[in-house]
1. Pick out, in residue order, every one of the trypsin sites (Lys or Arg not before Pro) in the stretch 11-120 that is DSSP loop and has at most 13 other C-beta atoms within 10 Å; say none if there are none.
2. Multiplying the sequence separation of A188 and Q251 by 0.36 nm and subtracting their Cα-Cα distance, what value in nm do you get?
3. Can you give me the distance in nm between label points at M54 and M13, each placed 7 Å from the Cα along the Cα-to-Cβ direction?
4. What residues have an amide H closer than 5 Å to that of G9, excluding those fewer than 5 places away on the same chain, when H is modeled at 1.01 Å from N in the peptide plane?
5. What residues qualify as long-range amide H neighbours of L94, i.e. H under 5 Å apart, gap of 5 or more or another chain, H built at 1.01 Å from N?
6. Tell me the chymotrypsin sites (Phe, Trp or Tyr not before Pro) within the stretch 9-86 that lie in a loop according to DSSP and have at most 14 other beta-carbon atoms within 10 Å.
7. Could you tell me the distance between the Cα centroids of the stretch 44-110 and the stretch 179-251, to the nearest Å?
8. Simple spin-label model, 7 Å along Cα-to-Cβ: R4 to T102 in nm?
Amino acid sequence: MTRRKLIAGNWKMNMKTADGKALAEAVFDKCRPGLPFDILICPPMSLLGTIAGMNRSAGAVGAQDVAEAPKPAGAYTGDISAEMVKDLGAAYTLVGHSERRTLHGETDAVVRTKAANAIAAGLTAVVCIGETLAERESGKTLDVLRTQVNGSVPPDATAGTCVVAYEPVWAIGTGKVPTNADVAEAHAAIRAELGKLLGAETADALRILYGGSVKPSNAAELLAIDNVDGALIGGASLKIEDFWGIAETQQ
Ligand code: PGA
């Protein structure tokens, strides 16, 4: 199965209007139809509607999170439902990023509810998972990943409605990356677990991204590893040279 690579930028809590629009414009300018990979940018919610509404011939826009609330509208002060995100013109949303899990106490069950809400609203959910340094050092990485896959990925997910992003927590924003062998082992374990949950055919087609300190200088190597179907990029997605430098390794 050849899976089309997905190069995704997670802007996190960065960019005000002028800078965000300029960066999105620079990305969309390079997103010509016929590119051999897919591009996704996930700006902060404050810019989601503006950027999702911008003219482009290719390139998707996603949110960084959606509400856990059981209804698409109602008394949930401060929350933004998946339906609202879809209504703004977004096609994707991240869910369960490690910063949400750590800073907002999101459990696998919360993440799965958010992913299910996203899918029900017609979005593709990018479900983020990954082990902490302590978990890696105590040899628990693969167990943690299997538990997170089972707990966070809705059992009716398909390759069209779900993407998994493997992001070792200790590699996010630190400049550290796992060895190629460790990435290969993690991605293979994730795909095997997805196979048990969703069936072999779906698991084979579903994209598994690597995230954590991806930059132009290591992207070609990381993206060539078996079962790595793209990248989720934080820091390096904030500069067009870096973001496109990563994408271009896949030309
Ligand atoms: P980083 O972040 O590329 O800055 O390590 C990745 C992420 O958090 O998605």
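All of the numbers you see were taken from the coordinates with simple rules; none came from a lab. Predicted model, so just to flag it, every value in this text is computed and none were measured. Here the Cβ positions follow ideal geometry from the backbone for every residue, glycine too, while neighbour counts run over all protein chains shown.
1. Of the trypsin sites (Lys or Arg not before Pro), the ones in loops of the stretch 11-120 whose Cβ has at most 13 other Cβ atoms within 10 Å are K16.
2. My answer for the length gained is 20.2 nm.
3. Going from the M54 label point to the M13 one covers 2.3 nm.
4. Those qualifying (amide H under 5 Å, at least 5 residues apart or on another chain) are L40, I41, C42, I233.
5. Under 5 Å from the amide H of L94 lie the amide H atoms of A63, Q64, D65, V126, each far enough along the sequence or on another chain.
6. Y76
7. Computed from Cα coordinates, the inter-centre distance equals 22 Å.
8. Here the answer is 3.3 nm between the modelled labels.
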